[in-house]
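Here's the structure, in structure tokens; my notes come after.
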Amino acid sequence: MSPKTGIISGSGAYELGAKVLEEFEAKTPYGSLSSKIQVVESGKNRALFIRRHGPEHTIPPHRINHRANIYSLHSLGVENVISIGSVGSLKEGIKPPAVVIPEDYISPFRVDTFFDDRVEHITPGFSEELRNSLRESALELGLEVHYGGIYLQTLGPRLETKAEIRMYSRFADIIGMTVGSEASLSRELGMNFAAICSVDNYAHGIGGEVPDFQEILKRSKINQEKTKAIVLNFIGKQ
């Protein structure tokens, strides 16, 4: 039986920490994936794992082939997609380091779709059941998470200006560059989707100066063990 859960991760948990049973290339009508797909095991259950930014973290966010990544999981029988990634906080009350399981997203700047040659529409959104399962997984481990909040996707690769952040902070709670694309494409193919976000810095103009990228990666390691433990516990219970 093929794994029913697919994990796509970037800075939030670049190495999932699960036992890797197999690694293989996947071909899609939409080109190459960001990385080889790993079959990982937690408990008695398996999941598929893709490194969003490539095996050496060299693919910038605006160059990620989201369609290939999502299509490959769908073609392999995945029903639930979990996205792990690093985000900035738009609210002083969400203080880094923290973990957020957002309830909805805004993605007005980049529209990824499989519907290039036909008129078809979906109602986007996260799976409440999948979000609840991730929260329960965290509670079982005694780990604190922010449950709720709005994710806003920007284009990247640059971070945002202070003026942009003042505007975005009126509508959202955390900000990143990938979740909206992955969520919309997953829903187009009928897969459930949820995100678990590692809050590694305040956005520009909130809570002090934004650290450089290397410092953000350093801070993200504080959250990695937490996000990985939650996801591995989730896989183990499926």
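The values are calculated or read from the model by the stated rules, or taken from the named source; none is laboratory data. Keep in mind it's a predicted model, so treat the numbers as computed, not measured. Glycine also receives a Cβ, built like all others from the backbone with ideal geometry; neighbour counts cover every protein chain displayed.
General remarks:
- Pairs, first in a helix (DSSP H, G or I) in region 112-132, second buried (at least 16 other Cβ atoms within 10 Å of the Cβ) and not aliphatic (A, V, I, L, M), C-beta under 6 Å, six or more apart: Leu130/Asn80; Leu130/Asn192
- Given (1) exposed (fewer than 14 other Cβ atoms within 10 Å of the Cβ); (2) of a type outside the set (Asp, Glu); (3) under 26 Å from Val199 (Cβ atoms), number of the condition Gly43 does not satisfy: (3)
- Of the residues screened, Gly142 is not one that is modelled with pLDDT under 95 and either part of a helix (DSSP H, G or I) or over 14 Å from Ile196 (Cβ atoms) (or both).
- Any hit, region 213-229, residues being in contact (Cβ under 8 Å) with a residue 12 or more places away in the chain, out of contact with any Cys (no Cβ under 6 Å at 6 or more places or on another chain) and outside any helix (DSSP H, G or I): no
- For the residues Leu139, Leu90, the requirement of being buried (at least 19 other Cβ atoms within 10 Å of the Cβ) and more than 17 Å from the chain's Cα centre (by Cα) singles out Leu90.
- Exactly one residue among Met177, Met167 is modelled with pLDDT of 90 or more and either acidic (Asp, Glu) or more than 23 Å from Leu48 (Cβ to Cβ) (or both), and that residue is Met167.
- Considering Val145, Val179, the condition of being of a type in the set (A, V, I, L, M, F, W, C) and either surrounded by fewer than 17 Cβ atoms within 10 Å (Cβ to Cβ) or in contact with a helix residue (DSSP H, G or I) (Cβ under 9 Å, 6 or more places away or on another chain) (or both) is satisfied by Val145 alone.
- Any hit, region 70-84, residues being aromatic (Phe, Trp, Tyr), within 14 Å of the chain's Cα centre (by Cα) and either assigned to a strand (DSSP E or B) or crowded, with 21+ Cβ neighbours inside 10 Å (or both): no
- Evaluation of Ala163 against (1) loosely packed, with under 14 Cβ neighbours inside 10 Å; (2) closer than 21 Å to Arg46 by Cβ (one fails), failing number: (2)
- Identity of the residue in region 12-38, of a type in the set (Val, Ile, Thr) and at pLDDT 95 or above, that ends up nearest to Asp116 (Cα to Cα): Thr28
- Single unsatisfied condition, Asp212 versus (1) under 12 Å from Val87 (Cβ atoms); (2) modelled with pLDDT under 90: (1)
- Among residues of region 106-136, those that are farther than 30 Å from Glu225 by Cβ and surrounded by 13 or more Cβ atoms within 10 Å (Cβ to Cβ), counted: 6
- If you go through region 27-69 and pick out every residue that is part of a loop (DSSP other than H, G, I, E, B) and without any contact (Cβ under 8 Å) to a residue 24 or more places away in the chain, you end up with 6.
- Of all residues in region 1-13, those that are within 12 Å of Ala195 (Cα to Cα) have Cβ atoms under 8 Å from Cβ atoms of residues that are at pLDDT below 75 and among the small types (Gly, Ala, Ser), 6 or more apart or on another chain, in Gly12/Ser220.
- Extreme residue, nearest to the chain's Cα centre (by Cα), among residues of region 151-183 that are among the hydrophobic types (A, V, I, L, M, F, W, C) and farther than 25 Å from Ala229 by Cβ: Leu152
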